[in-house]
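Visitor: So that we are looking at the same thing, I have put the structure below in structure tokens.
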Amino acid sequence: MLGLKLATDPRWVNIVESNIDEILTDHAYCEQKAASNAISLIVHYPEYSDMVEKMSEIAREELEHFQQVHQLILQRGGTLGRERKDDYVNELMQFIKAPNRSREATLVDRLLFAAMIEARSCERFRVLSENIKDPALAGFYRELMISEANHYTVFIGFARQYGQGINVDKRWQEFLTYEAEVISRYGKKETVHG
């Protein structure tokens, strides 16, 4: 369904399990950034009322996920910790074409960028849910996997809806190819995309 060209090696979970606190902190900030991205789409494209409605829902849901992850951190006796730089996301951002293109083309790229992050997060959460030894975390990540899949579908859907005159499927394939190159350098750290 997601079309990702490179699967996460399940052994990545061994790295994650060596430092659960680290991935939970990284995950919390991923959720916060996802909420911020949804809000940014509202701010930049307020004329698309149906998208504004859906992005409002996604922003709320992502903040709820942030709260859930924060609660897990507290239950484990930890504190949130400082925000980590997400090199994976920063590399993906470089694929978004220059802003001198049409407003429509920029919107499509922003939506596909968001869809890509949701797709990879969904895939990583699936790997965690199937391989992590902690049953509570496995169940938690299974629930989040479903949510990320839904968000991916929303972002792709809006890209197709608002990408009139743009070959959105071709652009998505280009994103998938680029993302496979990027993700091939990751999977060695206890972070969601690392």
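Visitor: Take the residues in the range 29-74 that are part of a loop (DSSP other than H, G, I, E, B) and touching a residue at least 60 places away in the same chain (Cβ under 8 Å), then tell me which one is nearest to the chain's Cα centre (by Cα).
Guide: Among residues in the range 29-74 that are part of a loop (DSSP other than H, G, I, E, B) and touching a residue at least 60 places away in the same chain (Cβ under 8 Å), the one nearest to the chain's Cα centre (by Cα) is Tyr45.
Visitor: What is the residue count in the range 1-59 for residues that are touching a helix residue (DSSP H, G or I) at 6+ places or on another chain (Cβ under 9 Å), surrounded by fewer than 17 Cβ atoms within 10 Å (Cβ to Cβ), modelled with pLDDT of 95 or more and acidic (Asp, Glu)?
Guide: Qualifying residue count for the region: 2.
Visitor: So which residues in the range 129-147 are among the hydrophobic types (A, V, I, L, M, F, W, C) and under 15 Å from the mean Cα position of the chain (by Cα)?
Guide: Leu144, Met145, Ile146
Visitor: Name the residues in the range 60-74 that are of a type in the set (Asp, Glu) and exposed (fewer than 15 other Cβ atoms within 10 Å of the Cβ), would you?
Guide: Glu64, the sole residue that qualifies.
Visitor: Can we say Gly194 is on the phi > 0 side of the Ramachandran plot, at pLDDT below 95 and not in a helix (DSSP H, G or I)?
Guide: Spelling it out, it is not the case that Gly194 is on the phi > 0 side of the Ramachandran plot, at pLDDT below 95 and not in a helix (DSSP H, G or I).
Visitor: More than 30 Å from Ser18 (Cα to Cα) and not hydrophobic (A, V, I, L, M, F, W, C) - does that describe any residue in the range 108-130?
Guide: yes
Visitor: Which of the numbered conditions does Ala180 fail, given that it passes all the others? Conditions: (1) over 17 Å from Glu104 (Cβ atoms); (2) buried (at least 20 other Cβ atoms within 10 Å of the Cβ); (3) of a type in the set (A, V, I, L, M, F, W, C).
Guide: Condition not satisfied by Ala180: (2).
Visitor: Go through the range 1-28 and count every residue that is touching a residue at least 60 places away in the same chain (Cβ under 8 Å) and in a loop (DSSP other than H, G, I, E, B).
Guide: 12
The values are calculated or read from the model by the stated rules, or taken from the named source; none is laboratory data. Only a predicted model underlies this, so the values are computations on that prediction, with no experimental measurement involved. No Cβ is skipped: glycine too gets one built from the backbone with ideal geometry, and neighbour counts run over all protein chains shown.
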